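Undergrad: My questions all concern the structure below.
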Amino acid sequence: MRTRWIWPVLIFLLLGRTGVAKEGSVVLVGTIGNLPIAMEINCSNTRCDGRYFYLSKLHDIACEGLPDGDSLTMEVREWTSKEKSETTVETFALASDPDGSYHGTWTGKSGPRLPVTLHPLDVSKLVNPYRGLSRLDSLQVSNPLDYYRITKLTLKKDSITTCQGHRLQWYGAKQSSVVLFEVLNGYGAMALKKINDTLKSAFFEQVNDELSCTYGSDPYKGDFEESASPVFFSEHVMSASVFSNTFCGGAHPDWGTIYYNFNARTGDQLQLEDVALFAGPDPGRTATHKWFAYRDSVGETLVDILSTLYPKEMGETEDTDTIDDCDYSMPEQWAFAEWFFTSKGIFLSPDIPHVAAPCRDPSFPLIPYQILKKYRNPKVKLILP
């Protein structure tokens, strides 16, 4: 996924005595029969969309429905190729209570009807064993259902491997196929903690991506593949990657790699501007108009550098595996390129749209450290390989 998912900001509205929420979102916890669940309902004036999961599995099940005064009907639907239409496989018939709770029934495809009780989730009272990870803590406001899900994960250790002299402890979660690693040695204790906290945040993001992946033909599961890799270790810098290949609805699947780069002496995650200023003075790290304008200029500079180093590869060339032409001469492809450290320089991965997916991940865009010296950020103390 080339662009990192952005969690939707939920606006909590109190449920009044006159009925269900007319607009906004509410997160609820409770039971279907004796099975614990969590549920999110997002309503407009005319319709509601939502999702819920069983605490035993934590995987989203998408649902939708219509508010009607004090009552709300939410349905889970699936596409059947035989009838070439959607059929309802689950139905929630809910009524709102004055305190914001819901009660009602759940009916499955085969007919059993079970009682449902739900009450609003108070995220401030949750005990989260992973509290302290900044990106995770922010989910309390931006996506409380996903935050709640993380508190219910059961982590498990896997194997220990060695890469470039560094021992790596791999781990996953009982409810997910996502795996990642933490670095056990080779750097100072404080640096290791910051590096591993960043990687653990990435792990939780990937887990939430997988467990929220659904699509219309199967309301219970989308297609999600993930693999993490250690990329490069040196005394002063480190790179790791997370590749994902997903289909969670829409016209096409999505795939791509995100790279995590670190100052191994401090554990700080690095942005491209920490390594090189390709378009003048440091614009800061806030996504302002100035920063976007700076990145546009970065794309132009990178095209100039790479066109000098790789004139043949940067132009339109016939892709050997497809009939598509790959043209890497457009600055917008490089303005927000992913990148990582190697022993010889930084390697860039351009931002290629899905329509040109065969042109993703070209094998040539390496900028040697010798060239980077001209663009180094004088305010950042960083020793390159």
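Undergrad: Which fully enclosed helices (runs of 4 or more DSSP H) of the stretch 119-162 have 2 or more residues being free of Cβ contacts under 8 Å to residues at least 60 places away in the same chain and within 15 Å of Gln206 (Cα to Cα)?
TA: On the way: elements: 134-137, 139-142, 144-151.
Of the helices (runs of 4 or more DSSP H) lying wholly inside the stretch 119-162, those with at least 2 residues that are free of Cβ contacts under 8 Å to residues at least 60 places away in the same chain and within 15 Å of Gln206 (Cα to Cα) span 144-151.
Undergrad: Given the structure, is Gly50 touching a Cys at 6+ places or on another chain (Cβ under 9 Å), more than 30 Å from Lys174 (Cα to Cα), in the same structural domain as Leu139 (by TED's automatic domain parsing) and surrounded by 17 or more Cβ atoms within 10 Å (Cβ to Cβ)?
TA: no
Undergrad: Can you tell me how many residues within the stretch 257-303 are within 14 Å of Phe341 (Cβ to Cβ) and without any contact (Cβ under 8 Å) to a residue 60 or more places away in the chain?
TA: Counting residues in the stretch 257-303 that are within 14 Å of Phe341 (Cβ to Cβ) and without any contact (Cβ under 8 Å) to a residue 60 or more places away in the chain gives 1.
Undergrad: What number of residues in the stretch 351-385 are without any contact (Cβ under 8 Å) to a residue 12 or more places away in the chain, in a helix (DSSP H, G or I) and under 28 Å from the mean Cα position of the chain (by Cα)?
TA: Qualifying residue count, the stretch 351-385: 1.
Undergrad: Is it the case that Asp97 is of a type in the set (Asp, Glu), surrounded by fewer than 14 Cβ atoms within 10 Å (Cβ to Cβ) and more than 18 Å from the chain's Cα centre (by Cα)? Quick ask: steps written out before the conclusion?
TA: Values: of a type in the set (Asp, Glu): yes; surrounded by fewer than 14 Cβ atoms within 10 Å (Cβ to Cβ): no; more than 18 Å from the chain's Cα centre (by Cα): yes.
In short, no.
Undergrad: For the stretch 353-372, indicate whether the set of residues that are touching a helix residue (DSSP H, G or I) at 6+ places or on another chain (Cβ under 6 Å), exposed (fewer than 15 other Cβ atoms within 10 Å of the Cβ) and either not assigned by TED's automatic domain parsing to the domain that holds Tyr260 or not polar (S, T, N, Q) (or both) is non-empty.
TA: Yes; the residues of the stretch 353-372 include at least one that is touching a helix residue (DSSP H, G or I) at 6+ places or on another chain (Cβ under 6 Å), exposed (fewer than 15 other Cβ atoms within 10 Å of the Cβ) and either not assigned by TED's automatic domain parsing to the domain that holds Tyr260 or not polar (S, T, N, Q) (or both).
Undergrad: Sticking with this structure for a sec: Test Gly104 against the stated conditions and say whether it is surrounded by 15 or more Cβ atoms within 10 Å (Cβ to Cβ), free of Cβ contacts under 8 Å to residues at least 40 places away in the same chain and not polar (S, T, N, Q).
TA: Answer is yes for this residue.
Undergrad: Going by the structure shown, is Phe336 of a type in the set (Phe, Trp, Tyr) and over 27 Å from the mean Cα position of the chain (by Cα)?
TA: no
Undergrad: From Leu136, Leu121, Leu126, grab the single residue that is buried (at least 20 other Cβ atoms within 10 Å of the Cβ), of a type outside the set (Ser, Thr, Tyr), modelled with pLDDT under 95 and not assigned by TED's automatic domain parsing to the domain that holds Ala240.
TA: Of Leu136, Leu121, Leu126, the one residue that is buried (at least 20 other Cβ atoms within 10 Å of the Cβ), of a type outside the set (Ser, Thr, Tyr), modelled with pLDDT under 95 and not assigned by TED's automatic domain parsing to the domain that holds Ala240 is Leu136.
Undergrad: I'd like to know if the stretch 28-40 contains one or more residues that are at pLDDT below 95, surrounded by 15 or more Cβ atoms within 10 Å (Cβ to Cβ) and assigned by TED's automatic domain parsing to the domain that holds Asn143. Please lay out each step first, then the result.
TA: Step one: list which residues in the stretch 28-40 are at pLDDT below 95, which gives none.
No, every residue in the stretch 28-40 fails to be at pLDDT below 95, surrounded by 15 or more Cβ atoms within 10 Å (Cβ to Cβ) and assigned by TED's automatic domain parsing to the domain that holds Asn143.
Undergrad: Would you mind finding the one in Ala228, Ala191, Ala173 that is out of contact with any helix residue (DSSP H, G or I) (no Cβ under 9 Å at 6 or more places or on another chain) and modelled with pLDDT of 90 or more?
TA: Ala191
Undergrad: Could you identify the single residue in Gly267, Gly284, Gly280 that is out of contact with any Asp or Glu (no Cβ under 7 Å at 6 or more places or on another chain) and within 19 Å of Ser241 (Cα to Cα)?
TA: From the options Gly267, Gly284, Gly280, the qualifying one is Gly267.
Undergrad: Condition first: among the hydroxyl-bearing types (Ser, Thr, Tyr) and surrounded by fewer than 18 Cβ atoms within 10 Å (Cβ to Cβ). Now tell me which residues in the stretch 75-94 satisfy that.
TA: Thr80, Ser81, Ser85, Thr87, Thr88, listed by residue number.
Undergrad: Is the stretch 302-312 home to any residue that is at negative phi, of a type outside the set (Val, Ile, Thr), at pLDDT below 95 and assigned by TED's automatic domain parsing to the domain that holds Ala276? Write out each step before concluding.
TA: Pass one, the stretch 302-312, residues at negative phi: 302-312.
Okay, now just the ones that are also of a type outside the set (Val, Ile, Thr), so 302, 304, 306-307, 309-312.
Keeping just the survivors that are at pLDDT below 95 gives 311-312.
Filter once more, keeping what is assigned by TED's automatic domain parsing to the domain that holds Ala276: 311-312.
Yes, some residue in the stretch 302-312 is at negative phi, of a type outside the set (Val, Ile, Thr), at pLDDT below 95 and assigned by TED's automatic domain parsing to the domain that holds Ala276.
Undergrad: Ok, one more. Given Gly222, Gly250, Gly280, which one is modelled with pLDDT of 90 or more and more than 13 Å from the chain's Cα centre (by Cα)?
TA: That would be Gly280, the only listed residue that is modelled with pLDDT of 90 or more and more than 13 Å from the chain's Cα centre (by Cα).
The values are calculated or read from the model by the stated rules, or taken from the named source; none is laboratory data. All of these numbers come straight from a predicted model, not from anything done at the bench. All Cβ positions, even for glycine, are placed from backbone atoms using ideal geometry, and neighbour counts span all protein chains on display.
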